[in-house]
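Take a look at the structure below.
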Amino acid sequence: MALGLQLTLSGLAFGGLVFLLAVGLTVILGLMDVLNLAHGSFYMLGAYAGVTVLHIVGSFWLALALAPIVLALLGAALEVAFFRRLTGRGPLMQVLLTFGLSLVFVDLVRWRFGPQNQPFPAPPQLSGSIGILDFRFPVYEAFVIAVAALLGAALLLGWRRLRVGAILRAGVADREMVGLLGVDLARVFTLTFAAGAGLAGLAGVIAGPYLATYPGMDENVLILALAVVVVGGLGSVAGALVGALLIGLATSVGPFLRQEIATALVFGVMALVLLVRPRGLFGLRA
Amino acid sequence: MSRYMERDLLARPDEQLARRDFLKLGVTTAGALALAACGGSTGARSSGPTGPDFKIGAILPSSGTYAELGDSIRKGMQLYLEKVASQAGNRRIVITDEDEAAGDTTIPLTKARKLVEQDGVDLIAGIVASPNALALRAYVDQNQVPTLIANAGANALSRAQKSPWVYRTSFSNWQPSQPMGRYLVDNGIRRLTLVYSNYAAGLETAAAIKETYTGQILTEVKPPFPNTSGDFAPFITQVNSSRPDAIYVFMSGQDAINFLKQAKTQLDKSIRVTGSGFFVEQDVLSAIGDAAPIGALTGLHWALTLANNENKDFTDAFKKRFGKTADVFAVQGYDTARVIVEALDAVRGSTTDRAAFMRAIAKVSFKSPRGDFKFDENSHNVVNTIYVRELVSDSRLGATNRVTSSMPNVVDPGK
Amino acid sequence: MTGTAAEASLPVRAGHVARGGLLAAVLLALASLSFWAPTFWVSIAIQALILAIFAMSIDLLLGYAGLPSFGHAAFYGTGALVCARLALASPGLGILPLVGISVAGAALLAVPFGALSLRVRGVYFLMLTLAFGQMLWSVAFQAPREWLGGSDGLIGVVRPSLGLLQRFDEQLWLAVGVSPGVAAVRHFYNLTLVAAVLTFVALSLLVRSPYGRTLEGIRENEHRMRALGCPTFRYQLAAFVVAGALAGLAGSLLTLFNGFANSSSLYWTNSGLVLIAAIVGGVRTLAGPALGAFVVLIAQDTLSSYSERWPLLLGAMFVGFVLFLPNGLLSAGRALRGLTRARPVELRR
């Protein structure tokens, strides 16, 4: 019983992290038809931005606040410089462009910081563990769950209730129509991209104390975020939440059941969803 | 120009040196020393080497997961070569670097071909990852290229796949763990759970400790390699529920870091941490801070605090030169360079008879930072002393491994 | 505006002659490479030819069938591993049965892989093929070491001789005083060249055949073709199987050349690499992806030897191609040719 709870909680923490990464990816994909494989680079850059802030100022909380802003600005710049040119060219070109960009970013980081892992300590307020039943649960992971839950709720609310949410939802369903209705699509795209990048950067800072910070850290989590997007459905925030939950639990429980299939399980789930219901659980369009 | 190079390089001690810098360093060091020997007159006859350059092809990763290890090995090699002014046997030693990780497993073989066929190297050194070393084996064996493996631990290279042309200066996966089984039994560990990354190195480590551990092995927890999600909670839970006296761990790099960070809060406090020393080596310790498993007992063929003169000199010089704390990989690089130098001196620089050169390599013997260094004729592998180290919290060094006992003459069985 | 046939003919004809001449020169160089090039270049050329076969196979899927598969390395890796496993298990097996069985294995795998993937299109197809490819990689990686080598791979593959043909070819070399190892490499180059040329010819015939035309029609408008009564699924699946088989051919040649195989050949980065090679050269041309393979392989090789910053340079190169030359090098060639025409050229604003 306690074992199940412990696995569930770690699954939730990891799922929460993946959610932050996936929500930007899914909205960008759903709205702009852009499959951004460099999204993982935003995650990595966010972690390194966090490390830098931590190094200079010594405050984790400041790192948490600043890194997403830096990444949002970078995201906006990239959207204007590169992604604008690729509209309508199809998913393959974007995949290759972003693949190339991610190579560039990883190497830039390696050049500036070196290949080694960066120490990224959790702030003292979040260190230690709390006793639950007969096991100890890290405070930091509880923090991750809390942040993901809060942001998830906020994003979902905004998505459903705010005007900008309505525009995005409409854009995902029918982009042309929204443009015809007089909405400045270019601006919406840039802002969406920036927001997605910012969230990925936030995920990076949060991951720092919890996982490892090193130049190739993006690759592993990106694949999982992609799986979440597929499972949840393109362009859906609720889908990203539910998908992240499922994937998080799968990575937590899977290895416990059969160690060998652990790695294949995530892709298996992804494949299954694509086969049975390609638009995902909450997908807004086929 | 030489002074600019020196100053520039020393000002950025942490940065990896580009290939050309490496080359220039060798040249300028040799040149500067030659000038010094002549009393500084540039016009005087130089007392430098007169034979043809001895070219080493160094295949080490400068990108990817193992870049950190590649960097240490490269720096270790460089440190030793600088000590001898990059010359031996009346020949100047020159290194050409290639990135082992410039693609998938087929790349190192392509690099080896390039080094041998296009650059005409006399020897290949390096290789961090075992699949790459195994991939090279047939080529260097067929083409009779002297090869020194500075890390890759695949047992096969000392057994079924050994070659008269391939010698290993690092370790075989078997060596650090086989004697640890007996050690754990002698120290009262009756119930053991093995925790290791599910790939060749982990599997060979597990097989090795099982040779001498006579207690009860409760279960083997094998997280996937690499553990993409970075989540070790389910595995730590499995460990806890098996209720062992101790765990024996084999992991390296990112996985070790993630595992230890999570084990700090989740692993049952009553379980002792033991393992193959890699998971508490410097690259991991610097990244985990206070998640270091103080009290961990590990076996490895070296320790930072090993108390012999060679090691003291080496670690001080390494820190001074590169601003980086030495690790076991740097030692392996250092020893590799020394093997080359000693062999070159032994044949007086004459390497046209390659078989004779290999025999000279096989016969080298010297005092290394890890203790006495010599090869085992049968396995073509270095004879290691496996030190049992305890992870302690040192006021000056932070978390560091202190040697508590040693098991000398651990020789790979060779079959 | 449009000149008469006589007016336009001179520069156009000159263009044709130049193009034909260039092509002939390239083919001559390739055919004779094993005779004059240094051994290392020959080994690079072998690897480029293997990648070219792989790239031409994905062009069938991507360029002609319009199916962007991100899991094609699965077939490449399967061909490689099956070849290695078989060669180690039955050392007496000849080269043709060895390659044949590997190709068959890859083709067999392509049937369920393709059948399932074809249930979706577009970006979903991309992601599904990626997912399947990674699943297969993880199976190959986690499989027991005795079967597929695990993380270490399968080494010690000895290249079986082609019998009389090989001995004849090698005797020529040994007669000029070349070592047996070098002779073997040069001979293998000829073998690989033949395989590449056969692949090119076979695919060219295929795409020009009624089957090929239909396939392109399906790419243009699948719904319409289906409405016309065409069994589109069969056509697409056939393309998948042919492409998979040829990728398997490339993989088995890789194993025979290197003497080993590793599950890393199935990893998605190889799927990405072959797509890049195809795009760099120019899709839907067959010759383009072959050219792209050479360019990408040589770039990757020389860049990584030249500088530690090679990922940066390589990544920048990919970005550059996607932004500025999305139709590949061959299209740039065509554009250049357009500049030599004798007619007023409008300056771009």
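The numbers here are math on the coordinates, done by the rules we state, and not lab data. All figures in this text were calculated on a predicted structure; none of them were measured in a lab. Cβ: placed from backbone, ideal geometry, glycine included. Neighbour counts: every protein chain shown.
Relative to the longest principal axis of the Cα atoms of chain B, the long axis of helix B:67-83 makes an angle of roughly 40 degrees.
Structure remark: mean-square fluctuation, Gaussian network model of chain B, C-alpha springs under 10 Å; the largest value among B:P179, B:P234, B:P131 belongs to B:P234. By the helix-only formula, in which each DSSP H run with n ≥ 4 contributes -39500 (n - 2.57) and the sum is divided by residues, chain B has a 222 nm mean residue ellipticity of -12500 deg cm²/dmol. Specify the angular offset, from 0 to 90 degrees and rounded to the nearest 10, of the alpha carbon long axis of helix B:253-266 from the longest principal axis of the alpha carbons in chain B. The angle comes out near 30 degrees. Averaged over the residues of B:248-255, the number of partner chain Cβ atoms lying within 10 Å of the residue Cβ comes to 2. Legend: P(r) of segment C:10-74 from all alpha carbon pair distances, 10 Å bins from 0, whole percents, reading 18, 28, 29, 23, 2. Sorting the Cα pairs of the protein assembly as shown by distance into bins of 20 Å, from 0 upward, gives 12, 42, 36, 9, 0 percent per bin. For the cross-link pairs B:K114/B:K162; B:K269/B:K415; B:K324/B:K374; B:K264/B:K319; B:K367/B:K415, the ones whose C-alpha atoms lie over 31 Å apart are B:K269/B:K415.
Report the Rg/Rh value for chain A, based on alpha-carbon coordinates and the Kirkwood definition of Rh.
0.96
For segment A:204-248, the square roots a ≥ b ≥ c of the C-alpha gyration tensor eigenvalues yield an a/c of 1.5 or more together with a/b exceeding b/c, which makes the shape prolate.
Consider all pairwise Cα distances in chain C and report the whole-number % of them above 38 Å. Don't skip to the answer; put the middle values down first.
On the way: 12610 of 60726 pairs.
Within chain C, distances greater than 38 Å cover 21 percent of Cα pairs.
With the convex hull drawn around the C-alpha atoms of segment A:1-42, the volume per residue stands at 69 Å³. Counting, for every residue in C:261-273, the Cβ atoms of other protein chains within 10 Å of its Cβ and taking the mean gives 3.
Counted by Cβ distance under 12 Å from C:E146, the other residues give a net charge of +1, where Lys and Arg count +1 and Asp and Glu count -1. Averaging Cα coordinates gives a centre for segment C:63-86 and one for segment A:68-131; these two points are 30 Å apart. Derived value for chain B: Kirkwood hydrodynamic radius 21.9 Å. Basis is the mean of 1/r over every pair of different alpha-carbon atoms. For the options B:S276, B:S197, B:S395, a Gaussian network treatment of chain B with springs between C-alpha atoms closer than 10 Å singles out B:S395 as fluctuating the most.
Our note on the geometry: Cα centres of segment C:286-323 and segment A:234-253, 36 Å apart. Modelled spin labels at C:V111 and A:A238, positioned 7 Å past Cα toward Cβ, are 4.3 nm from each other. Mean partner shielding of peptide B:134-140, defined as the number of other chain Cβ atoms within 10 Å of each residue Cβ, is 5. When Rg and the Kirkwood radius Rh are both evaluated on Cα atoms of segment B:191-346, their ratio Rg/Rh stands at 1.03. Site pair B:R191 and B:T50 shows an inter-label distance of 7.3 nm when each label is modelled 7 Å from Cα along Cα→Cβ.
Against the longest alpha carbon principal axis of chain B, how many degrees, from 0 to 90 and to the nearest 10, is the axis of helix B:130-142 turned? Tilt of helix B:130-142: around 40 degrees.
Of the DSSP H helices in chain A, those that are both long (alpha-carbon extent of 18 Å or more along the helix axis) and hydrophobic (Kyte-Doolittle mean at least -0.5) are A:2-32, A:39-57, A:60-81, A:91-113, A:139-161, A:185-210, A:217-232, A:237-257, A:262-276.
Just so you know, the Rg over Rh for segment B:264-368 is 1.13, from Cα atoms, with Rh as the Kirkwood radius.
Of the DSSP H helices in chain C, those with a Cα length along their own long axis of 18 Å or more and a mean Kyte-Doolittle hydropathy reaching 1.0 comprise C:5-36, C:39-59, C:73-89, C:95-117, C:122-142, C:180-208, C:232-258, C:268-281, C:287-306, C:310-324.
How high is the FRET efficiency from A:R89 to A:I56, r the C-beta distance, R0 60 Å, rounded to 0.05?
0.90
A Gaussian network model of chain A, with springs between Cα atoms under 10 Å, assigns the largest mean-square fluctuation among A:A166, A:A149, A:A76 to A:A166.
Taking label points 7 Å from Cα along the Cα-to-Cβ direction, C:A18 and C:A332 give a separation of 1.6 nm.
So what's the back-of-envelope 222 nm ellipticity for chain A, counting only DSSP H runs of four-plus at -39500 (n - 2.57) apiece and dividing by all residues, rounded to 500?
Working: 11 runs with 213 residues, N = 286.
The helix-only estimate for chain A comes to -25500 deg cm²/dmol at 222 nm.
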